[in-house]
Amino acid sequence: MSTFALNFRIYYEDTDAGGIVYYVNYLKFMERARTEFLRQYGYEQAKLHEQNVMFVVHSATVEYKKPAKLDDRIDVTVSLSEVKRTYLVFHQLVTLSETGERLCEAKVKVACVTFDSLKPQAIPRDLICKIA
């Protein structure tokens, strides 16, 4: 399965008073990367909603190894580690772009639900064919 990477700079808004990335923001970075991962296969959020499909985070296990700091450039990677009928499991990694040093690593399980009722549903078959 393929790996997708998103690169961006750490801004003041991402940090605490000490210029260190606030821990919750790593989850936001990972969310952005998963969204772009799906977008590369033609699945923007609006298209999913039109199909009455939405992905929600079921669980996340996160290991913080070293903090990113103000003005750092980071890479956030996404790779699928498991594909099931109603959920996907992603392995995500945040590294310093310059050195490749690991900053944060996570396993994120996302469930497929209906947009209107939030009930579990099967992931659209065409999406599975594209990403798996």
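The values are calculated or read from the model by the stated rules, or taken from the named source; none is laboratory data. A quick note: this is a predicted structure, and the numbers were derived from the prediction, not measured. When we count neighbours, we look across all protein chains shown, and the Cβ atoms used for this are built from the backbone with ideal geometry, even at glycine. For the accessible areas, the whole protein counts, side chains as well, though only heavy atoms, and no ligand, DNA or RNA atoms are used. Shrake-Rupley method; radii C 1.70, N 1.55, O 1.52, S 1.80 Å.
Nothing charged except the Cβ atoms of Lys and Arg (+1) and of Asp and Glu (-1): what's the magnitude of the dipole of the chain about its Cα centre? Round to the nearest 20 debye.
480
Can you give the FRET efficiency to the nearest 0.05 for Leu80 and Phe8, using r as the Cβ-Cβ distance and R₀ = 22 Å? All intermediate terms of the calculation are to be shown ahead of the outcome.
Details: r = 22 Å, r/R0 = 0.98.
Plugging the Cβ-Cβ distance into 1/(1 + (r/R0)^6) gives 0.55.
On the accessible surface of the chain, probed at 1.4 Å, how many percent belong to carbon and sulfur atoms? Write out the running numbers ahead of the final one.
Numbers: 3790 of 7350 Å².
Of all accessible area on the chain, carbon and sulfur atoms account for 52 percent.
Show which aspartates and glutamates lie in cross-link reach of Lys66 when reach means a straight Cα distance below 17 angstrom and same-chain residues fewer than eight apart are skipped.
Asp14, Asp16, Asp75, Glu98, Glu101, Glu105
In nm, give the distance between the simple-model label positions of Glu98 and Gln51, each being 7 Å from the Cα along the Cα-to-Cβ direction.
Going from the Glu98 label point to the Gln51 one covers 4.1 nm.
Can you give the accessible area per residue of the chain, in Å², using a 1.4 Å probe? Show your work: numbers first, answer last.
Values: 7350 Å² over 132 residues.
I get 56 Å² per residue for the chain.
Let me have the 222 nm mean residue ellipticity of the chain computed from DSSP H runs of 4+ only, each contributing -39500 (n - 2.57), with the sum over all residues rounded to the nearest 500. Walk me through the numbers before you get to the answer.
Working: 3 runs with 28 residues, N = 132.
The per-residue figure over the chain is -6000 deg cm²/dmol.
Would you mind checking Lys28/Lys107; Lys28/Lys109; Lys28/Lys65; Lys107/Lys130; Lys84/Lys119 for any pair whose Cα atoms are more than 19 angstrom apart?
Working: Lys28/Lys107 14 Å; Lys28/Lys109 15 Å; Lys28/Lys65 17 Å; Lys107/Lys130 21 Å; Lys84/Lys119 16 Å.
In this structure, Lys107/Lys130 lie more than 19 Å apart at Cα.
Just name one of Val89, Thr99, Gln121: the one whose Cα is farthest towards the positive end of the charge dipole of the chain (beta-carbon charges, Lys/Arg +1, Asp/Glu -1).
Gln121
Which loop-located GluC sites (Glu not before Pro) does the range 27-89 contain, where loop means any DSSP state but H, G, I, E or B and the Cβ has at most 13 other Cβ atoms within 10 Å? All intermediate terms of the calculation are to be shown ahead of the outcome.
Working: sites: Glu31, Glu36, Glu44, Glu50, Glu63, Glu82; in loops: Glu44.
Hits after loop and neighbour filter: Glu44.
Within the range 52-132, report the chymotrypsin sites (Phe, Trp or Tyr not before Pro) that DSSP leaves as loop and that have at most 16 other Cβ atoms within 10 Å.
Working: sites: Phe55, Tyr64, Tyr87, Phe90, Phe115; in loops: Phe115.
Loop-located and lightly packed - Phe115.
Can you give me the angle between helix 25-39 and the longest principal axis of the chain, using Cα atoms only, in degrees from 0 to 90, rounded to the nearest 10?
Rounded to the nearest ten degrees, it is 40.
Counting other Cβ atoms within 10 Å, keep those with at most 16, restrict to DSSP loop, and tell me which trypsin sites (Lys or Arg not before Pro) in the range 9-108 are left.
Numbers: sites: Arg9, Lys28, Arg32, Arg34, Arg39, Lys47, Lys65, Lys69, Arg73, Lys84, Arg85, Arg102, Lys107; in loops: Lys65, Lys84, Arg85.
Qualifying residues, ordered by number: Lys65, Lys84, Arg85.
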